[in-house]
Amino acid sequence: LFLPKFHCELNWIEYYWGEGKRFTRDNCRYTIDDLRSTIPQGLSSVKNSTIHAYYHRCIRRIQAYRAGLGYGSLEFGKWTENYKSHRRV
């Protein structure tokens with residue numbers, strides 16, 4: 001089983017969680033009660049089709065690494081849709 005020790009781009013749940021956090025940041029007044037109600041809304045706001053796309057994105061990246069392609073190489077970009085950074089929106 002090929003998995004680096006920790007690699008957020010290979011774990012679809014990181015993208016799902018990031019989408020939920022974005023919703024929470026945009027729709028929260030930053031009180032504890034508001035956070036308690038907004039976080040579940042944020043997680044449920046992510047469409048199943050989006051979660052499915054995140055999963056397949058991670059699978060393509062895993063396949064690229066297994067094929068021996070180096071991160072940032074031209075071939076890696078072709079496999080993974082020209083991924084630039086996990087920190088860009």
- Note on the structure: For the range 8-80, dividing by residue count, accessible area per residue (probe 1.4 Å) in Å² works out to 65 Å²
- Message: Quick check: pseudo-label points 7 Å beyond the Cα along Cα→Cβ at I51 and Q63, how many nm apart are they?
- Response: 2.3 nm
- Task: Run the 1.4 Å probe and let me know the accessible area of W17, rounded to the nearest 10 Å².
- Result: 110 Å²
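The values are calculated or read from the model by the stated rules, or taken from the named source; none is laboratory data. Values in this document were obtained by computation on a predicted structure and should not be read as measured data. FYI the Cβ positions are ideal-geometry reconstructions off the backbone, even for glycines, and counts take in every protein chain you see. Just so you know, the surface numbers come from the protein's heavy atoms only, side chains and all, with ligands and any DNA or RNA stripped out. Shrake-Rupley method; radii C 1.70, N 1.55, O 1.52, S 1.80 Å.
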